[in-house]
């Protein structure tokens, strides 16, 4: 890391020194800040701090072309990090491992020159050692892989060219990522009302994974025991829902048996309607009834008067009867008196 930091600092200082020298040699060189579109008629030594939307590219016009000297672009930084971890560092390790293996073979050969005598000639190489343990040693051949190019300060590739597309700029606008279109399914419901022989069908469009509740479409005068809630809809479906008329509950429904009112069959409630407003017709009927009653009463009175003239009255009959009884008693007394009287001699 320290090595990379030192190299980065040296590059920056070198770039600035190069720009200063170029400017001193070529007075027409210029520096541009923030510009995103192509610089018109650049000259050798021009420096361009180009805003690419996710950072800045420091470009230098050298040998008739723009080159990327430094970059803070998030895209270039990520690509550079990937190159280090996936290309450069593995190549360094592979190179070191191969060299270590070759050194191990050499040490074994120095200790025992005949150690690899059985190895085929095609598979060996000779290593010349000078100084201590000098000699030409026969060891197995080891391929030493090359180390990848050292990571640059600004990563440039076919995917990340020198003129990097500007994010959010006017130079190369990028299409915003469109959200994925939601998936919809259809629930087809056949409503069946057998009591009135009626049928209806309705199709519901439901987004995938959501819940459909059709109870709000069921009339309040009907009930059903079929499914009315469909959760986590993930496929088209066709169902039938049978609707039945709703029964009106009685006032005592749901009450315990001991709290329900009982009906006394021996005592019938008076169902006579008393609060009936009388109409003019009722008044006429009542008046006619009253008239008929008066006429009947008068007729009866006339008949009684006629009978009085031909029949003895109650008082009169009683008086005659008493007189007859008194007369009979008087006669009987006189008769007894005559019977008790003694006969006299003339």
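Please work out if residue 138 is at pLDDT below 95, surrounded by 12 or more Cβ atoms within 10 Å (Cβ to Cβ), touching a strand residue (DSSP E or B) at 6+ places or on another chain (Cβ under 6 Å) and not in a loop (DSSP other than H, G, I, E, B). It would help to see each step written out before you state the result.
Numbers: at pLDDT below 95: yes; surrounded by 12 or more Cβ atoms within 10 Å (Cβ to Cβ): yes; touching a strand residue (DSSP E or B) at 6+ places or on another chain (Cβ under 6 Å): yes; not in a loop (DSSP other than H, G, I, E, B): yes.
Yes.
Considering only residues that are over 15 Å from residue 64 (Cβ atoms) and assigned to a loop (DSSP other than H, G, I, E, B), look in region 21-39 and name the one that is modelled with the lowest pLDDT. Within region 21-39, the match that is modelled with the lowest pLDDT is 27. Spot the failing condition for residue 108; the list is (1) over 60 Å from the mean Cα position of the chain (by Cα); (2) touching a residue at least 40 places away in the same chain (Cβ under 8 Å), and only one is missed. So the condition that residue 108 fails would be (2). Scanning region 49-59 for residues that are touching a strand residue (DSSP E or B) at 6+ places or on another chain (Cβ under 7 Å), surrounded by fewer than 21 Cβ atoms within 10 Å (Cβ to Cβ) and part of a strand (DSSP E or B) returns 49, 56, 58. Filter region 109-134 for residues that are out of contact with any helix residue (DSSP H, G or I) (no Cβ under 7 Å at 6 or more places or on another chain) and surrounded by 15 or more Cβ atoms within 10 Å (Cβ to Cβ) and give the result. 109, 110, 124, listed by residue number. Answer yes or no as to whether residue 154 is without any contact (Cβ under 8 Å) to a residue 24 or more places away in the chain and either under 13 Å from residue 73 (Cβ atoms) or in a helix (DSSP H, G or I) (or both). The answer is no for residue 154.
Does residue 132 meet the test of being at negative phi, more than 51 Å from the chain's Cα centre (by Cα) and at pLDDT below 90? For residue 132, the condition - at negative phi, more than 51 Å from the chain's Cα centre (by Cα) and at pLDDT below 90 - is met.
When every residue of region 85-102 is checked against the conditions, at least one turns out to be touching a strand residue (DSSP E or B) at 6+ places or on another chain (Cβ under 8 Å) and surrounded by 10 or more Cβ atoms within 10 Å (Cβ to Cβ).
The values are calculated or read from the model by the stated rules, or taken from the named source; none is laboratory data. Everything numeric here is computed off the predicted structure, so don't read it as measured data. Here the Cβ is made from the backbone with ideal geometry for all residues, glycine too, and neighbour counts use every protein chain on show.
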